[in-house]
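Read-outs throughout are calculated quantities, based only on the coordinates presented, and are distinct from any laboratory measurement. These numbers were taken from a predicted model, which means no experiment stands behind them. So basically every Cβ, Gly included, is an ideal-geometry build from the backbone, and we count neighbours across all protein chains shown.
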Amino acid sequence: MEDKIQVIVAKTAGFCFGVERAVNQVYQQIESGVRPIYTLGPIIHNEEVVKDLEQKGVRVISREEIRDIHEGTVIIRSHGVGRQVYEELEKQGVHIVDATCPFVKKIHHIVEEQNRAGRRIIIIGDSTHPEVEGIRGWADNRTLTAKTEEEIDSFVLKKDEKICFVAQTTFNYKKFKYLVEKFSKKGYDIIVFNSICSATEERQKEAERIASQVDAMIVIGGKSSSNTRKLYEICKMQCGNTHFIQTLDDLQPESGNSVRSVGITAGASTPKNIIEEVHTNVRTKF
């Protein structure tokens, strides 16, 4: 009976270009024999990968710990950091490996340029996400962040203010478009940069399409991964029977559900081997 279940795996599931590049850079540093190696925050939001790197001697440090590091290599993860963090690392005299995703780097340049030109920056995204914190670090303290309609409406701005909108690379495109359109009715002079990564957009669209066609949907990724959480929300709207898991062991569907088709997608921080394991064994779970 289980063999009759159709399984559809999203082509865009798994590591995006920026994450793959960052993870590869850490392994390259390990192979080069340099020690000690630190990553500023977990290199990706995936516990399995971080655990493997720790076993190979890579230590995760926080920004506060930079002042205690006087030697070795510090790797900046794909989320990127603000200008001040580079200055702090340079002051410590450590070797810096910058694994910031080029798409994120591009936002840093836009924000710095537009802010210098006198525009107030509004970042559409999660204010507590490391990527957004990094983007803020390239503008002045007038910078605002929002991810809801209520937050956009609560902004108190001067009538003559010039605004520049950017988005967290993993933000939901439809929501970004909606929030910007709503704000634009207020009549401000605004410039909009759709800085949502094309890979994120494609992954979200494909996940939405698959979820609308299946009886059950599985979204694989780390619990603290912002882009995976958004994938889950998108899929859940299309398919009520959607499961958010980190590994195959987490998949515990309710018995009694008649499932003839299952869709699988995964966030940008999910290694290929975990996706393959779920794909290979998913029929035994339903």
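How much length is gained on full extension from Y188 to N141, taking 0.36 nm per residue of separation minus their Cα-Cα distance?
On the way: separation 47, 0.36 × 47 = 16.92 nm, distance 1.97 nm.
15.0 nm is the gain from fully extending Y188 to N141.
Given H placed 1.01 Å from N in the peptide plane, which residues other than close sequence neighbours of I191 have an amide H under 5 Å from its amide H?
Close amide H contacts, sequence-distant or interchain: I163, C164, F165.
Using 0.36 nm per residue, how much length does the chain from S127 to S198 gain when fully extended, once their Cα-Cα distance is taken away? Please list the in-between numbers first.
Numbers: separation 71, 0.36 × 71 = 25.56 nm, distance 2.13 nm.
Value of the extension gain: 23.4 nm.
Applying 1/(1 + (r/R0)^6) with R0 = 51 Å to the Cβ-Cβ distance of K105 and K4, what FRET efficiency is obtained, to the nearest 0.05?
That gives a FRET efficiency of 0.60.
Between G93, V192, L251, whose Cα lies farthest towards the positive end of the dipole of the chain when Lys and Arg beta carbons carry +1 and Asp and Glu beta carbons carry -1, centred on the Cα centre?
Working it through, the farthest residue towards the positive pole turns out to be V192.
Helix by helix through the chain, keep the DSSP H runs that span 18 Å or more along the axis on Cα and average at least -0.5 on Kyte-Doolittle, and give those back in order.
Both cut-offs are met by 17-31.
In debye to the nearest 20, how big a dipole does region 1-112 give about its Cα centre with +1 on each Lys and Arg Cβ and -1 on each Asp and Glu Cβ?
280 debye
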